[in-house]
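Structure first, commentary second.
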């Protein structure tokens, strides 16, 4: 058996949670491989909207096991709040939610460092979610982080105190930044007891045994390709590898175990926070997109910047990830437009560019757009792709030709039922 990978191809918020929920019935295990509570995976079914941050998106399917992999970072306080929201659904979390002992812990002082660093940047802020993600990954690579497995060690308290003192020393260098660690620290220690009561495993061994036993595994990514620490729009990126390669390091499975790579993209583009966005519509059209698509961050609530679909960026993401099939989300949102535009190339310093540049942060980019007929229709009641407007089918076929990858799924609304399979 192989591990299939599902990830975002833009700047996050593509709709990964919904697709995982739709696909989960054909898998035995859903495994998150990176990121942390900066993720906001939204699922909707039976009239209820759910937002998951750390828990894998297969948690609502009774037959699926859910694994939080070693590449994930966990804030016990946020995690506990997430479990509280799952309580009404009578999910047996002890048996259906498994946590890697190698996953790193977000300390209260990590969150303070995140806030202090972002405040110090002033106008050069990167748009952090202020969840402590960056400082936690820094301690991980600095080889002094705390992991879930450390919670069961008699040396845990001394390790915690040592790392906290390091953080407090760093915080003293931020002028004008005030904080009170006491209250949040007490809550953190309370919630780690809840974390310890769940099933913590050697996830790398567990998942490789599952492969040998022919169990079907879907690896769930967070954020999006253009936020990858290596391949995204650096420095306006996250602190982990959001691409297919991150599956191997985030779950402990070999490259030879990777099967299908399912890439998720919106029929247009969005981005939250700072950073370059070549096809952005900072105008009335962009505002219409935001309103129609309810484009506000699931984690932060911040309004998302909106723009037309960017094929230069999307082809790059497909290349980096080795995408084998695509899911196009939010086709219904574009139903309000008479005409739809697609960015096919960039004009940079008078030259036409079709390959995504090394660094787009300091470049003046003019998107080269092509216009297509809009479908100008309400798609939300569709139950079959065959019944879709011809203009939508033309749009999909055009994208398949340009991207050279089949689009297997078209989403026409937030509910799991509003999904058209091709």
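Only the coordinates and a few stated rules stand behind these numbers; no lab work does. In this text the structure is predicted, and so the values were computed from the model without any measurement. Positions of Cβ are generated from backbone atoms using ideal geometry, with glycine treated the same way; all protein chains shown enter the neighbour counts.
Over the Cα atoms of segment 189-258, the radius of gyration divided by the Kirkwood radius equals 1.08; this is the Rg/Rh ratio.
A simple spin-label model places pseudo-atoms 7 Å from Cα toward Cβ; at residue 186 and residue 45 they are separated by 4.0 nm.
So, R0 is 60 Å and r is the distance between the beta-carbons of residue 361 and residue 387; what FRET efficiency does that work out to, to 0.05?
Once rounded, the FRET efficiency stands at 0.85.
The angle between the Cα long axis of helix 76-86 and the main principal axis of the chain comes to about 60°, on a 0 to 90 degree scale. Sorting the segments 143-152, 98-107 by their mean number of nearby beta carbons within 10 angstrom, highest to lowest, gives 98-107, 143-152. Between segment 16-41 and segment 165-212, the C-alpha centres lie 22 angstrom from each other. The simple Förster model, with R0 at 41 Å and r as the Cβ-Cβ distance, assigns residue 92 and residue 168 a FRET efficiency of 0.55. Computed packing ranks the peptides 356-369, 41-54, 82-95, 108-121 as 108-121, 41-54, 356-369, 82-95, most packed first, by mean other Cβ atoms within 10 Å. The angle separating the long axis of helix 203-212 from the principal Cα axis of greatest extent in the chain is about 50 degrees. For percent of Cα pairs over 38 Å apart, the value calculated from this model appears in (i) 17; (ii) 25; (iii) 20 under label (iii).
Spin-label model, residue 194 to residue 26: label points 7 Å out along the Cα-to-beta-carbon direction sit 3.5 nm apart.
Classification of segment 102-242 by its C-alpha gyration tensor yields an oblate form. The axis ratio a/c (a ≥ b ≥ c) is 1.5 or more, and b/c is at least a/b. In this calculation the C-beta distance from residue 421 to residue 85 is compared with R0 = 25 Å, giving a FRET efficiency of 0.25. Rounded to the nearest 10 degrees, the inclination of helix 156-171 to the longest alpha-carbon principal axis of the chain is 60 degrees. Using a simple spin-label model with pseudo-atoms 7 Å out from Cα toward Cβ, residue 372 and residue 150 lie 4.9 nm apart.
Descending by average beta-carbon neighbour count within 10 Å, the peptides 370-377, 228-235, 176-183 line up as 228-235, 370-377, 176-183, the highest first.
Decide, for segment 30-163, between rounded, prolate and oblate: order the square roots of the alpha carbon gyration tensor eigenvalues as a ≥ b ≥ c, take rounded if a/c falls under 1.5, and otherwise choose prolate if a/b is larger than b/c, else oblate.
On the way: a/c = 2.34, a/b = 1.35, b/c = 1.73.
Verdict is oblate for segment 30-163.
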